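Undergrad: Structure in structure tokens, see below.
The values are calculated or read from the model by the stated rules, or taken from the named source; none is laboratory data. Since we're looking at a predicted model, the values are computed, not measured. Heads up, the Cβs are rebuilt from the backbone with ideal geometry, glycines too, and the neighbour counts pull from every protein chain shown.
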Amino acid sequence: MKIFTTLILSFLLFSCSSIPEVKKDIVSPFYWDKNSSIQIKIYTDFECPACIVFEEKIWKELFEKYANNNKIWITYKMFPLNFHKNAKDDALSVLCSSKQWKFIEFSNKMYALEKEKKWKSVNFDDRLQIAKDVNLNETEFTTCVNEKHYLNKIESDIKEWNDIDKIRGTPSIFINGVLIDISKFRDIEDFFKLIDNLTWTWKTN
């Protein structure tokens, strides 16, 4: 309870001072209300076991209950860790899917594939099968991946991540510019209680 209370207080103090402007970025996947008082930014690695758990345990409810109801704004950033051999190509493929507005469908299957592979190599044919499964234009997807259209974007996300010296791993989750350590929550519901309290505070101010 003490940890949760401390987190709430730090958020309220930060929120009362200012809300950082979220830079418009047509490449980073984003959902829904960009004018929401609750701004969430997530740095992810599709091969990262903790990111896979976050996707399974938190993402669906976060999207359906909060983002889909215009309570929050979520931006996804790519941070493929160097020691994850599949991660950068995973990120590239996901961004190529996002170009065709299939980020959620593709990323869900990308996490699931990495979980199934259990550190084994993922190749282009594996990712192309996901593209087929989510009904992407295969020619556009293949061109995007082979020509590495969004490699510069990934490198930009990595630089942005590295410039924030507080970050140590993935997933790295920021709410209104404050880094959240989800490992300190006793259970998943504490994460949602935090968002609920912030939403309630802004409605009553």
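Undergrad: Does VAL22 qualify as being outside any helix (DSSP H, G or I), in contact with a Lys or Arg (Cβ under 6 Å, 6 or more places away or on another chain) and modelled with pLDDT under 80?
TA: no
Undergrad: Here's something else I'd like to know. Within region 90-99, can you find the residues that are closer than 10 Å to ALA131 by Cα and not hydroxyl-bearing (Ser, Thr, Tyr)?
TA: Across region 90-99, the qualifying residues are VAL94, CYS96.
Undergrad: Residues of region 85-94 being part of a helix (DSSP H, G or I) and among the polar types (S, T, N, Q), which ones?
TA: Result: SER93, single match.
Undergrad: Please go through region 46-84 and give me each residue that is within 18 Å of ARG127 (Cβ to Cβ) and not in a loop (DSSP other than H, G, I, E, B), ordered by number.
TA: Those that are within 18 Å of ARG127 (Cβ to Cβ) and not in a loop (DSSP other than H, G, I, E, B): CYS51, ILE52, GLU55, TYR76, MET78.
Undergrad: Could you look through region 95-127, keep only residues that are of a type outside the set (A, V, I, L, M) and not in a helix (DSSP H, G or I), and pick out the one that is surrounded by the fewest Cβ atoms within 10 Å (Cβ to Cβ)?
TA: Among them, the one singled out is LYS118.
Undergrad: Of all residues in region 128-163, count the ones that are surrounded by 11 or more Cβ atoms within 10 Å (Cβ to Cβ), free of Cβ contacts under 8 Å to residues at least 12 places away in the same chain and under 20 Å from the mean Cα position of the chain (by Cα).
TA: 2
Undergrad: Right, something else. Please note which helices (runs of 4 or more DSSP H) are completely contained in region 133-205 and include at least 3 residues that are farther than 25 Å from ALA50 by Cβ, in contact with a helix residue (DSSP H, G or I) (Cβ under 6 Å, 6 or more places away or on another chain) and at pLDDT 85 or above.
TA: Hits in region 133-205: 138-146.
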